[in-house]
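Here the structure comes first, spelled out in structure tokens, and everything after it is commentary.
The values are calculated or read from the model by the stated rules, or taken from the named source; none is laboratory data. Everything quoted here is computed from the prediction, not taken from an experiment. With ideal geometry, Cβ positions are generated from the backbone for all residues, glycine too; neighbour counts draw on all protein chains shown.
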Amino acid sequence: MNTPRLILVAMLGTFAFAVPTTRAALQQAPPISGVTGAIALEGTMKKVYAAARTVIVTTVDGVEHVVHFTTNLIVHGGKGAGVDALQGLREGATVVVHYTMQGGEEAAQEIDRIGDEGLKQTEGVVTRVDRRRRQITIRFEYGRTETFRLTERAAAEAGPDVESAPGGAKVIVYYSDEGGQKVAHYFKKIS
């Protein structure tokens, strides 16, 4: 075999291995470093399409997200489960959508309605996060502390930056009162 032909064969062989061969490989989104499992998206409810199992949420920076939801959707601050849970979610309502990426689409399993008849909120400094016990302890402005129970999703979504901030991270905690106990569904670092 002559040299030019050998180089051409080698180049074609290399090219064949470098190009994805399946349609799924071509459509798969690149992995996001450090992001696995559920992601929380906070924003304003723009539109609900119950029949299409879709909601549109606009984030603070103006980006619209089209999020499909599962049949077993849970809405904290909603009425019922599944599609019925969306009753009461109106345009302009503040929500936190907990979703995962499935087939290149955002798929929500849980939506937290904030304010009004939804989750309450409070601010404080994190003094301790115990993922195993699913608890977060917050110190308030005047030194009083309170321990909230974390939902399984909130415990999983809590970033390490909340625990490792010197002096504690200042957070907003969105919670509900369930049987006399405060249950944190979502919290975010604010400083």
I need the full set of residues from region 102-125 which are part of a strand (DSSP E or B) and over 22 Å from Lys47 (Cα atoms), in order please. Lys120, Gln121, Thr122, Glu123, Gly124, Val125
Right, Ile56: at pLDDT below 90, under 17 Å from the mean Cα position of the chain (by Cα) and either assigned to a strand (DSSP E or B) or in the same structural domain as Asp177 (by TED's automatic domain parsing) (or both) or not? no
Of Val126, Val171, which residue is more than 26 Å from His65 (Cα to Cα) and surrounded by 18 or more Cβ atoms within 10 Å (Cβ to Cβ)? Val126
Residues Thr100, Thr71: which one is hydroxyl-bearing (Ser, Thr, Tyr) and farther than 19 Å from Ala154 by Cβ? Thr71
Name every residue in region 129-156 that is surrounded by 16 or more Cβ atoms within 10 Å (Cβ to Cβ), in a helix (DSSP H, G or I) and without any contact (Cβ under 8 Å) to a residue 40 or more places away in the chain, in order of residue number. Ala154, Ala155
For region 75-91, give me the residue count where each residue is surrounded by fewer than 19 Cβ atoms within 10 Å (Cβ to Cβ) and either modelled with pLDDT of 65 or more or over 18 Å from Ala107 (Cβ atoms) (or both). 7
Just to verify a result, which residue in region 94-112, among those that are farther than 15 Å from Thr151 by Cα and charged (D, E, K, R), is surrounded by the fewest Cβ atoms within 10 Å (Cβ to Cβ)? Glu105
Looking at region 111-124 only, could you name the residues that are modelled with pLDDT of 85 or more and either in contact with a helix residue (DSSP H, G or I) (Cβ under 9 Å, 6 or more places away or on another chain) or over 14 Å from Ala184 (Cα atoms) (or both)? Ile111
